Amino acid sequence: MNTPKMNRDNNVPVICPYCGQEMDDGEVMSNGPCALYWLPSDPERRALAFRGGRGLLKNVVSGNLVQISIKGNYCHTCRKLIIPTEIQP
């Protein structure tokens, strides 16, 4: 039986609003001046993704970045990344 993926903040599965499938919890991170990576929050999967060079977000960045880390959820089915935000007025 598959264990549902849980959101780290409230232990509730996150469902993709586009396709209805469960999403992976993780972070968008930069490791240098011009690349962004998606890394799952699960420590084992995170280590495998980082060592394997997986998770590079293509065609999203132009220019220079500082180091960042942003919580978000990724849907492997429809390849959508959801980043919850609050915009200060």
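Output the number of residues of segment 76-89 satisfying the condition of being in contact (Cβ under 8 Å) with a residue 40 or more places away in the chain, under 13 Å from the mean Cα position of the chain (by Cα) and more than 15 Å from GLU27 (Cβ to Cβ).
Result for segment 76-89: 2.
Test VAL66 against the criterion of being farther than 26 Å from PRO13 by Cα and at pLDDT 70 or above, and give yes or no.
Criteria met by VAL66.
Could you grab the pairs with beta carbons closer than 6 Å, sequence gap of 6+ or different chains, first residue in segment 2-22 and under 18 Å from PRO43 (Cβ atoms) and modelled with pLDDT under 90, second one of a type in the set (Gly, Ala, Ser) and surrounded by 12 or more Cβ atoms within 10 Å (Cβ to Cβ)?
Qualifying pairs under 6 Å: ARG8/SER41.
Any residue that is at pLDDT 80 or above, in contact with a Ser or Thr (Cβ under 9 Å, 6 or more places away or on another chain) and of a type outside the set (A, V, I, L, M) - is there at least one of those in segment 41-52? Give the steps one after another, and end with the answer.
In the first step, residues of segment 41-52 are kept if they are at pLDDT 80 or above; the result is 41-42.
Those left that are additionally in contact with a Ser or Thr (Cβ under 9 Å, 6 or more places away or on another chain): none.
No, the conditions are met nowhere in segment 41-52.
Restricting the search to segment 23-39, which residues are within 14 Å of SER69 (Cα to Cα) and at pLDDT 85 or above?
ASP25, GLY26, GLU27, VAL28
The values are calculated or read from the model by the stated rules, or taken from the named source; none is laboratory data. For clarity, every value in this text was computed on a predicted model and none was experimentally measured. Cβ coordinates were reconstructed from backbone atoms using ideal geometry, including for glycine residues, and neighbour counts include every protein chain displayed.
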